[in-house]
1. For residue 349, only one of the following conditions fails: (1) of a type outside the set (Gly, Ala, Ser); (2) closer than 29 Å to residue 118 by Cα; (3) under 20 Å from the mean Cα position of the chain (by Cα); (4) away from ligand 1 (no atom under 16 Å from the Cβ). What is its number?
2. Restricting attention to the stretch 133-155, which residues are touching a residue at least 40 places away in the same chain (Cβ under 8 Å) and farther than 24 Å from residue 82 by Cβ?
3. Are any residues in the stretch 121-142 hydrophobic (A, V, I, L, M, F, W, C) and farther than 12 Å from residue 111 by Cα, and if so, which ones?
4. Just give me the residues in the stretch 64-82 being closer than 12 Å to residue 103 by Cβ and either in contact with a Leu (Cβ under 8 Å, 6 or more places away or on another chain) or near ligand 1 (Cβ under 9 Å from one of its atoms) (or both), in sequence order.
5. Please find, within the stretch 325-343, the residue that is farthest from ligand 1 (Cβ to nearest atom) out of those that are over 21 Å from residue 157 (Cβ atoms) and in contact with a Phe, Trp or Tyr (Cβ under 6 Å, 6 or more places away or on another chain).
6. Check 164, 173, 118, 129 and return the single one that is over 26 Å from residue 98 (Cβ atoms) and modelled with pLDDT of 95 or more.
7. Out of 204, 215, I need the residue that is within 20 Å of residue 253 (Cβ to Cβ) and of a type in the set (Asp, Glu). Which one?
8. Any residue that is surrounded by 14 or more Cβ atoms within 10 Å (Cβ to Cβ), assigned to a helix (DSSP H, G or I) and in contact with a Lys or Arg (Cβ under 8 Å, 6 or more places away or on another chain) - is there at least one of those in the stretch 265-275?
Amino acid sequence: MKKNINFLDLGLQPLANNYINKKDLKKKEKKYRLKVGIDLKTKLVSINKPISSKIMFNNKYPYRSSMSKTMIKSFLDLSKIINKKFNPNKILEIGSNDGSFIKNFSKKKVIGIEPCSNVEKITKKMGFNTYPDYWDLKTARKIFKKNGNVDLIYSANTISHIQNLDEVFKSINIVLNDKGILIIEDPSLLECLKKNTYDQFYNEHIYVFSLIGIESILKKHNLEVFHVQNLQIHGGSNRYFIKKIDNKRKIKSSVKFTRDNEIKYGLDKISTYRQFAKRVRSSKKILKDIFDKINSKNKKIIGYGVTAKSTTILNYCKISKKLIEYFVDTTKDKQNKYTPGTKIPIYKYKGFIEKNVEFVFLGAWNFKEEIFKKEKKFIKRGGKFIIHTPTPKII
Ligand code: SAH
Ligand code: TYD
C-alpha cells in the first residue's frame with residue numbers, strides 16, 4: 001500500500017489546462033485541494049488525490065508539443081540518437097500528442113498512442129498509425145495483436161501523468177521485445193527542488209520522478225535503467241534509458257552519477273522536502289510583493305506563455321487579472337479564453353510585445369532562452385521579465 005507523507009499544500013487548484021470560454025466565465029469552476037507527498041518506501045513523489053484521466057485528457061485537450069522550437073529540436077536530436085544507437089524497426093510512442101516526435105521517422109516504423117482525440121486526429125490525418133487510447137493493458141494487448149512486438153518505446157512528459165505505474169510497465173512488457181529499449185523523459189525532481197519550481201506540481205503531473213523513484217518501480221517489472229541523460233528541457237528533465245534486466249547491455253556510469261547526486265541532495269529524506277516546502281512558501285510572498293509593488297506604480301504587467309505550470313503559480317499566489325492584464329500565447333486552443341481559476345484573458349501572440357507593456361510575467365519560464373531570443377526588441381527598450389525561479393525576481 002502506498003503511504004504518502006504530505007509535505008506541501010498548494011491550496012485549491014482548478015484543472016491546470018482547463019481554459020475557460022467567455023460564455024462560461026460566470027459558471028462555478030471545480031477546484032481541488034492540491035497537496036504533494038512522498039512515499040518514503042518507493043521514494044515516489046506524487047500529488048495526493050489524482051483526478052481521473054478522462055476528466056483531464058479528452059477531446060478538448062489544448063496542449064501542443066510543436067508550439068516550442070526547443071521541443072521540436074530536442075525530438076529531432078533524439079531521433080538521430082535512436083537511429084544511430086539502436087536502429088529500431090518498430091517504435092511506439094506513448095503520449096504522441098501532435099506528432100512532434102514521430103514525425104522524425106518513416107510512417108511504417110512508428111505507432112503513436114494519444115488519448116485526446118482532438119490531438120490524435122492531427123497525426124492520423126498526416127497518415128501516421130496512431131490510436132486515440134489511454135496506455136493500459138487493454139491498449140497494449142490491442143497493439144500487440146495488430147503490430148506484434150516493438151524494438152523501442154519512447155514516452156516524454158506522459159508517464160508522470162498516469163496514476164497506475166504498475167499497469168504502465170506491465171503494459172510496456174507486453175509490447176516491448178526482450179532486447180527492446182524503453183526511453184522515458186520527464187521533469188527531474190532534483191532540479192524541481194533545487195530551482196524551487198513547485199509549479200511542476202499540478203493535477204496532470206501526478207508524479208515528479210527521480211531516478212531513485214523510477215528504479216524502485218522498474219525493479220518490480222524486471223526492468224532497469226542503463227543510462228540517464230540530464231537535460232535542460234522543461235527546466236531540467238531526465239531521460240532514462242531502460243532495458244529488461246535479462247538483457248546484458250552495459251550499465252553506464254551516468255546511472256550511478258545521477259543516483260549519487262540525488263542521495264547527496266537528500267531525495268530519500270523527508271527533511272529535504274520540508275525545507276523545500278518552506279522555500280516555496282517564501283517564494284509565494286516574494287512573488288506577490290513584486291507584483292504588488294509594480295501594480296502600486298500603475299505599471300502594466302502582462303503574461304507570456306500560459307502553461308499548466310502557471311496555473312499552479314497564479315492560483316497558489318492569488319495573482320488575478322488585477323495584477324496581470326492579459327496573457328499572450330501561440331497556442332490556438334488557448335487563445336480568446338481565460339486562465340483557469342484566475343480568469344485572466346488570453347490573446348493571440350502577435351509576433352511582438354505591445355509598446356505600452358513594461359513588465360512580462362514569464363509563464364513559460366522553461367523556454368526562457370527561446371523567448372529572450374525572440375523578444376530582443378522588448379529587452380532593448382528596457383522591458384523587464386518577472387520570473388519565479390529559483391527565487392522570484394525581475395530580470
Ligand atoms: N509527449 C509530448 C506530449 C506531452 S503532454 C511532449 O513531450 O511534448 C502529455 C500527453 O500525454 C498528452 O498529449 C496526453 O493526452 C497524453 N496522455 C495522458 N494520459 C495518457 C495515457 N494514460 N496514455 C497515453 N497518453 C496519455
Ligand atoms: P509548456 O511549458 O510546454 O507547458 P505546460 O506547463 O503546460 O506543460 O507550455 C509553453 C506554453 O508557452 C505553450 O502554451 C506555448 C507558449 N509559448 C509561447 O506562447 N511562445 C513561445 O515562444 C514559446 C516557446 C511558448
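1. Residue 349 satisfies all of (1) of a type outside the set (Gly, Ala, Ser); (2) closer than 29 Å to residue 118 by Cα; (3) under 20 Å from the mean Cα position of the chain (by Cα); (4) away from ligand 1 (no atom under 16 Å from the Cβ) except (3).
2. Listed by number, the list holds a single entry, 134.
3. Once the filter is applied, which keeps residues that are hydrophobic (A, V, I, L, M, F, W, C) and farther than 12 Å from residue 111 by Cα, the stretch 121-142 yields 122, 126, 135, 137.
4. Within the stretch 64-82, 65, 66, 71, 75 qualify.
5. That would be 326.
6. Criteria check complete, one pass: 173.
7. Checking each option against the conditions leaves just 215.
8. Yes: the stretch 265-275 contains one or more residues that are surrounded by 14 or more Cβ atoms within 10 Å (Cβ to Cβ), assigned to a helix (DSSP H, G or I) and in contact with a Lys or Arg (Cβ under 8 Å, 6 or more places away or on another chain).
The values are calculated or read from the model by the stated rules, or taken from the named source; none is laboratory data. Just so you know, these numbers come straight off a predicted model, no measurement behind them. All Cβ positions, glycine included, derive from the backbone under ideal geometry; neighbour counts span all protein chains shown.
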